[in-house]
Structures are given as C-alpha cells and as structure tokens.
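Reading through the structure tokens given below for one structure.
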Amino acid sequence: MLYNNDLKYLVSGHEDHKIRFCDLNTGKIYKSLICHTDAVTDLCVLQNVYLLASVSHDGSMRTWDIRKF
C-alpha cells in the first residue's frame with residue numbers, strides 16, 4: 001500500500017496481480033490495473049509524483065506514468 005501527500009489516492013498491490021487506486025475523498029476504487037503475472041509485492045513513487053514502480057513475485061518491475069490515470 002502506498003500513500004503520498006501529493007497523491008489524491010491510495011495505491012495498493014494485490015495477490016490477484018492488480019494495482020488498485022482508491023480515491024481518498026470517496027473511498028471508492030476508481031482504477032484497477034492487471035499489471036503482472038503474479039502477486040504485486042511492492043510499490044513506490046519514483047523521482048516525482050507521477051512515476052509509480054511496481055514489483056511482483058513474477059520477477060518483473062514495471063513503471064507507470066500515473067498522470068494518465
């Protein structure tokens with residue numbers, strides 16, 4: 001799970017291979033991505049607030065431009 005003051009949402013990685021974005025104002029999930037072929041194990045914001053990195057038990061690391069979400 002990841003929270004950053006600059007983000008307006010909570011980001012969480014899950015066993016079902018998804019990353020979910022939860023709106024902090026409404027408490028509702030507004031975006032869900034299938035991003036890996038195994039459980040998402042870690043998340044972090046890179047260099048600026050707009051790059052999110054995710055890693056998984058499948059051995060992959062992916063970066064996401066979250067301005068598009």
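The values are calculated or read from the model by the stated rules, or taken from the named source; none is laboratory data. This structure is a prediction, so every number in the text was calculated from the model and none was measured. Methodologically, a virtual Cβ is constructed for each residue, glycine included, from the backbone with ideal geometry; neighbour enumeration extends over all protein chains shown. The protein model used for the area step is the full one, side chains on, heavy atoms only, and it has no ligands, DNA or RNA in it. Shrake-Rupley method; radii C 1.70, N 1.55, O 1.52, S 1.80 Å.
Some values worked out for this structure:
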| read-out | value |
| --- | --- |
| Volume in Å³ per residue [convex hull over Cα atoms, computed for the chain] | 75 |
| Relative contact order computed over the chain (Cα-Cα under 8 Å; 6+ residues apart), in percent | 23 |
| Estimated FRET transfer efficiency when R0 is 25 angstrom, pair Ser60-Tyr30 (beta carbons, to 0.05) | 0.55 |
| Accessible area of the chain divided out per residue, in Å², using a probe of 1.4 angstrom | 65 |
| The chain, accessible surface, carbon-and-sulfur percent (1.4 angstrom probe) | 48 |
